[in-house]
Amino acid sequence: MTVWQLDVTFASGTLAGVTDGMPLIAKVATSVSKTAAALSRAAGRGDGSVIGGWIGLKIDPDLLAHLASGRAVALVSGTNGKTTTTRLTAAAVGVLGRVATNSFGANMPTGHTSALAKEGHTPFAVLEVDEHYLPQVIDQTRPKVVALLNLSRDQLDRAKEVAMMAQLWKTTLAGHPDIRVVANADDPMVVWAASSSPQTTWFSAGQRWHDDSFVCPESGHPIERSGGDWWCTGCPLRRPRPQWVVEDEGVIDPRGDWHLVKLQLPGRVNIGNAATALAVAGEFGVRPIEALPRLSRVASIAGRYAQVDRDGRNIRLLLAKNPASWLEAFDMADQAPTLLSINARDPDGLDTSWLYDVDFSPLRDRPVLITGDRAFDLAVRLQVNHVPFRHVNSFDEALRSVPPGRLEVIANYTAFQDIRAELDRVN
Ligand SMILES: [Zn+2]
């Protein structure tokens, strides 16, 4: 009870702007949520975005809806690239005014609640949403725009889950014809999911990973591909003509104008993410020429792509959490010594058989080092692909065994966290 009393006084001060017009319970929930997040940060328990939202929603189950009301909201969902695309989209929409966003990748309703409570009243919100929670978050936040990036399996062979997710999205969007959908024309699963929406803007950002979309989700027939095009061999489902297209180092807008995209983030994958951000921002009336300078200022995202200098080595961190994102990481990494680190702890998935779904041959012509709990699974996999490698026992040993210059580090989830922690200790 003490905490509640503390927070009602808090609410009468700084929170007046965000909670105006809200029911009392929502005001109380908002302030308790903010205080819990602040306490959690003060106690050194992370950024508080989960605990704050969790407590707020316990007090007022409709808190997310209350906080979202009055804002123009964009949601970003998909298996890969959503944290980066959300950050780029928030930067682009920022042309128009202040944007609330869940920049720490806390992408479930607790994280959204916390992000909106923390930012106070903003005219705009751009939220990254876990694929499974998209229907619920659409219902609660009544977004103006929903961006659908891609659907692929996470670690294991869960192609069935991919189809179920596409079905879930499709049903949800059919119930919300007022939402503007911005969707990836290159992913058959996404195209099918978005086909139930009457208002779709298509972008083409490429699809490197095809293994989870070779069967048509509508008719079960094989999907054929040629160049960038694809079509179902048994029903009318086929690639729609995109309005936003990645071409060379830039993006073509719906008017046919090409814009050079200069990013600090590596790889063609991120030009695709920028194209998506421009398409979403376009739905809010932002022109590429206004948004592009803001995109070019985005450097690292929740530690990803971070570059750290140590002992004359420039270390760049790339996170690869599932088969599709390993292929993307190979695309982003420079032709330089590369450290691969694999764990198989709970958040990574305990089974490493997915390694056989990824083609490691792009790494053949560079020095490759391996480490992590499951380095030896990786060793076997690399041998099959004829990629020479060296095993090292630690990140430090890796650092000492490469010449000065760039060291690319590609790691899965907990391996990435381990290396980040090690770098933070010294810096
Ligand atoms: Zn079909």
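Only one of the numbered conditions (1) crowded, with 23+ Cβ neighbours inside 10 Å; (2) β-branched (V, I, T); (3) under 30 Å from R41 (Cα atoms); (4) in contact (Cβ under 8 Å) with a residue 60 or more places away in the chain is not met by T86, and that is (4).
Screening S353, S341 for residues that are over 23 Å from Q264 (Cα atoms), polar (S, T, N, Q) and buried (at least 16 other Cβ atoms within 10 Å of the Cβ) leaves exactly one candidate, S341.
Of all residues in region 258-270, those satisfying the criterion of being open to solvent by less than 40 Å² (accessible area, probe 1.4 Å) and either within 15 Å of the ligand (Cβ to nearest atom) or touching a residue at least 60 places away in the same chain (Cβ under 8 Å) (or both) are L265, P266, G267, V269, N270.
Of the helices (runs of 4 or more DSSP H) lying entirely inside region 1-71, those containing at least 1 residues that are among the β-branched types (V, I, T) and at pLDDT 80 or above span 24-42, 49-59. With respect to the conditions (1) in contact (Cβ under 8 Å) with a residue 24 or more places away in the chain; (2) in a loop (DSSP other than H, G, I, E, B); (3) under 30 Å from R287 (Cβ atoms); (4) open to solvent by 20 Å² or more (accessible area, probe 1.4 Å), P177 lacks only one, and its number is (1).
Matching residues to (1) touching a strand residue (DSSP E or B) at 6+ places or on another chain (Cβ under 8 Å); (2) open to solvent by 10 Å² or more (accessible area, probe 1.4 Å); (3) assigned to a strand (DSSP E or B):
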{"residue": "V286", "(1), (2), (3)": "no, no, no"}
{"residue": "K321", "(1), (2), (3)": "no, yes, no"}
{"residue": "F330", "(1), (2), (3)": "yes, yes, no"}
{"residue": "P347", "(1), (2), (3)": "no, yes, no"}
{"residue": "D359", "(1), (2), (3)": "no, yes, no"}
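Within region 288-315, which residues are outside any helix (DSSP H, G or I) and among the charged types (D, E, K, R)? Residues satisfying the conditions are R297, R304, D309, R310, D311, R313.
Candidates V190, V145: the one that is touching a residue at least 12 places away in the same chain (Cβ under 8 Å) and touching an Asp or Glu at 6+ places or on another chain (Cβ under 8 Å) is V145. Of the residues making up region 220-257, those that are assigned to a loop (DSSP other than H, G, I, E, B), within 12 Å of the ligand (Cβ to nearest atom) and either touching a residue at least 40 places away in the same chain (Cβ under 8 Å) or touching a strand residue (DSSP E or B) at 6+ places or on another chain (Cβ under 6 Å) (or both) are H221, T233, L237.
Taken over region 291-307, the residue count meeting the criterion of being over 23 Å from W258 (Cα atoms) and polar (S, T, N, Q) is 2. Scanning region 183-219 for residues that are within 9 Å of the ligand (Cβ to nearest atom), open to solvent by less than 40 Å² (accessible area, probe 1.4 Å) and in a loop (DSSP other than H, G, I, E, B) yields a total of 2.
Let's see how each residue does on (1) over 21 Å from the mean Cα position of the chain (by Cα); (2) at pLDDT 90 or above:
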site: L292; (1), (2): no, yes
site: N314; (1), (2): yes, yes
site: A336; (1), (2): yes, yes
site: W354; (1), (2): no, no
site: A379; (1), (2): yes, yes
site: F395; (1), (2): yes, yes
site: A398; (1), (2): yes, yes
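Looking only at region 164-196, count how many residues are of a type outside the set (A, V, I, L, M), farther than 27 Å from G227 by Cα and in contact with a Lys or Arg (Cβ under 9 Å, 6 or more places away or on another chain). Total meeting the criteria: 3.
The values are calculated or read from the model by the stated rules, or taken from the named source; none is laboratory data. Note that the structure is predicted; figures quoted are calculated from it, not measured. Here the Cβ is made from the backbone with ideal geometry for all residues, glycine too, and neighbour counts use every protein chain on show. Calculation scope for accessible area: heavy atoms of the full protein, side chains included, ligands and nucleic acids excluded. Shrake-Rupley method; radii C 1.70, N 1.55, O 1.52, S 1.80 Å.
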